[in-house]
Every structure is written in C-alpha cells, then in structure tokens.
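Peer 1: Pasting a structure here, questions to come.
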Amino acid sequence: MKISLLTRLLDLISPRTCIVCGARLSPTEDIVCQSCLLHLPRTGFANSPKDNPMARLFWGLMPLEQAAAMIYHQPQSESARIIYSMKYAGRADAAIAMGRIMAREFAEKGFFDGIDVMVPVPLTESRKRKRGYNQSELIARGISEVTGIPVDTKAMERTAFSASQTSLTRWERQDNVKDSFSLNGRHIPAANRHVLIVDDVVTSGATTMACGNCLTSIEGIRLSVITLAFTKS
C-alpha cells in the first residue's frame, strides 16, 4: 500500500485512532488497527454463502442465491463500536472503509462472482438528511472501490420508516416493514441481472427481506445479500 507524503503529514498533525480500541493508527491502517482487525468476531459465512445462519433466515420467504455477513454483532461489545460510529457518530468514513475491508476478504472466496449491481437498503429522505448519509450506501461504495461492481441507489425508495423493531418478534418485524419499500418507477433496474442487496446489520432479516421481495417483481432477477454484521440470536 503506497502512502502519500500528505497522508503522513496529516497523521503527524492529527493522528487517526482505531475506531474499536482508540489506539493510534499507522499510515497503512484504515479505521481499525491490525490487532483489532485480526480479532473481529468474523462469521465465516462467506465460506458457505448458500447455507449459513443468515441465509437460512430467508429460505422459503425470498428467492436467494447467497448471503453473508462479515462479523457478528453483539450490542455493547468492542466491535459494536464500528456499527455505532457509523449510525450515530457521523463516521461516514468508517462505513466506506469497512466496505473495502469486507470486499477484499469476500473477494478471495469468490463471493462477488457473477454479481451485476449492488442495491443498498434505502433510508427515508428525512432519516438520510438527519444522519447526513445512508451507511448501507457507503458500505456499498467501499465494496465498489475494490470490486468495480456498480452501485444503484435509484432502484428502490423507502416510502415509510417503520416503528422500532427492538421489542418485536421475528414475524412482527416482517409485518412492520413489508410495505416500506417500492420500486422507483422512473428508474426500474434492467431485467435478468444478479443484484446484491447491501445492508449494515441483519437481525431478523425483515428489512432486507422486504427489499428483496420488492425487487422480485423485476423479470429474471436473482438476489444475494451482503451485510457488515449479523446479530446472533
């Protein structure tokens, strides 16, 4: 990795720190130090993307080619700081960087072979304005930097932001978001393509499933799912 003189100077003036442990990053490290990166709770789902705990959430409920998450998400854990920083602390850079990291690791497994386009799970416009960005879109941008797969942010619209899912059962969560997405009538994706849905965290899979089922009205579409994190039940 070639490091520019400007990057080195900026690191001297305003040292970057690891988003997990707070240690100072070296010029070759990005968002997460090598020690924390090594110890992230990886799922290993990319080794068996057609049959793993996350993929099974969608069996029989949504047509699926493959699904994988990079890490397990456990609230209040050290690694959860990555998710919290993206969603609540304005760290757009973390979403892009983690997309790049995930892309490099998953590309080695052949996960992106045959993918035509990525569609990030959309936010409502009001939620996006409040946060300043859509973290799922930025994760997809990071993946695209590594893989070259295009990102389509116009395919779907979020028509409603549903109530909190926290206290709901799996089936209640599905009902809560089932009508939250619609295809953009001015920009319907081309038929017969393999679409990779990108999200930040999957817990019950309800939101991702609602997106997938919205896209299934497109002729010949094939769907896969990638997320940064998966919440263990």
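Peer 1: Looking only at residues in the stretch 27-39 that are open to solvent by 50 Å² or more (accessible area, probe 1.4 Å) and part of a loop (DSSP other than H, G, I, E, B), which one is modelled with the highest pLDDT?
Peer 2: Here the answer is HIS39.
Peer 1: Do you know which of the residues in the stretch 116-153 that are part of a helix (DSSP H, G or I) and open to solvent by less than 20 Å² (accessible area, probe 1.4 Å) is nearest to ASP199 (Cα to Cα)? Steps first, answer last, please.
Peer 2: Within the stretch 116-153, the subset part of a helix (DSSP H, G or I) is 125-131, 135-147.
Add one more test, that the residue is open to solvent by less than 20 Å² (accessible area, probe 1.4 Å), and what stays is 135-136, 139-140, 142-143.
Values: GLN135: 8, SER136: 5, ILE139: 8, ALA140: 8, GLY142: 13, ILE143: 12 Å.
It comes out as SER136.
Peer 1: Residue check, ALA94 against (1) at negative phi; (2) more than 14 Å from the chain's Cα centre (by Cα); (3) at pLDDT 95 or above, all met but one. Which one?
Peer 2: Result: ALA94 passes all but (2).
Peer 1: When only residues in the stretch 40-74 that are in contact (Cβ under 8 Å) with a residue 12 or more places away in the chain and out of contact with any strand residue (DSSP E or B) (no Cβ under 8 Å at 6 or more places or on another chain) count, which is surrounded by the fewest Cβ atoms within 10 Å (Cβ to Cβ)? Talk me through it step by step, then tell me what you get.
Peer 2: Looking only at the stretch 40-74, we keep the residues that are in contact (Cβ under 8 Å) with a residue 12 or more places away in the chain, and these are 40-43, 45-47, 49-50, 52-55, 57-58, 61-74.
Filter once more, keeping what is out of contact with any strand residue (DSSP E or B) (no Cβ under 8 Å at 6 or more places or on another chain): 47, 61.
Values: ASN47: 11, LEU61: 13.
Result: ASN47.
Peer 1: Taking ALA80, is it closer than 28 Å to ASN213 by Cα and open to solvent by less than 30 Å² (accessible area, probe 1.4 Å)?
Peer 2: Working: closer than 28 Å to ASN213 by Cα: no; open to solvent by less than 30 Å² (accessible area, probe 1.4 Å): yes.
Here the answer is no, as ALA80 does not meet what is asked.
Peer 1: Also: Please enumerate the residues belonging to the stretch 83-106 that are part of a helix (DSSP H, G or I), free of Cβ contacts under 8 Å to residues at least 24 places away in the same chain and more than 16 Å from THR227 (Cα to Cα). Please lay out each step first, then the result.
Peer 2: Quick first cut of the stretch 83-106, residues part of a helix (DSSP H, G or I) only: 83-88, 92-106.
Next, only the ones that are free of Cβ contacts under 8 Å to residues at least 24 places away in the same chain stay: 84, 88.
Passing the criteria: only TYR88.
Peer 1: Inspect the stretch 85-95 for any residue being farther than 20 Å from ILE221 by Cα, open to solvent by 60 Å² or more (accessible area, probe 1.4 Å) and of a type in the set (S, T, N, Q) and give the result as yes or no.
Peer 2: As a first pass, look at the stretch 85-95 and keep what is farther than 20 Å from ILE221 by Cα: 85-95.
Then drop every residue that is not open to solvent by 60 Å² or more (accessible area, probe 1.4 Å), which leaves 88-89, 91, 93.
Next, from what is left, pick out any that are of a type in the set (S, T, N, Q): none.
Looking through the stretch 85-95, none of the residues is farther than 20 Å from ILE221 by Cα, open to solvent by 60 Å² or more (accessible area, probe 1.4 Å) and of a type in the set (S, T, N, Q).
Peer 1: Restricting to the stretch 155-207, name every residue that is modelled with pLDDT of 80 or more, under 24 Å from ALA92 (Cβ atoms) and part of a loop (DSSP other than H, G, I, E, B).
Peer 2: The answer is ALA155, THR203.
The values are calculated or read from the model by the stated rules, or taken from the named source; none is laboratory data. Every value quoted in this text rests on a predicted model; they were computed, and no experiment measured them. With ideal geometry, Cβ positions are generated from the backbone for all residues, glycine too; neighbour counts draw on all protein chains shown. Ligands, DNA and RNA are excluded from the accessible area calculation, which covers all protein heavy atoms including side chains. Shrake-Rupley method; radii C 1.70, N 1.55, O 1.52, S 1.80 Å.
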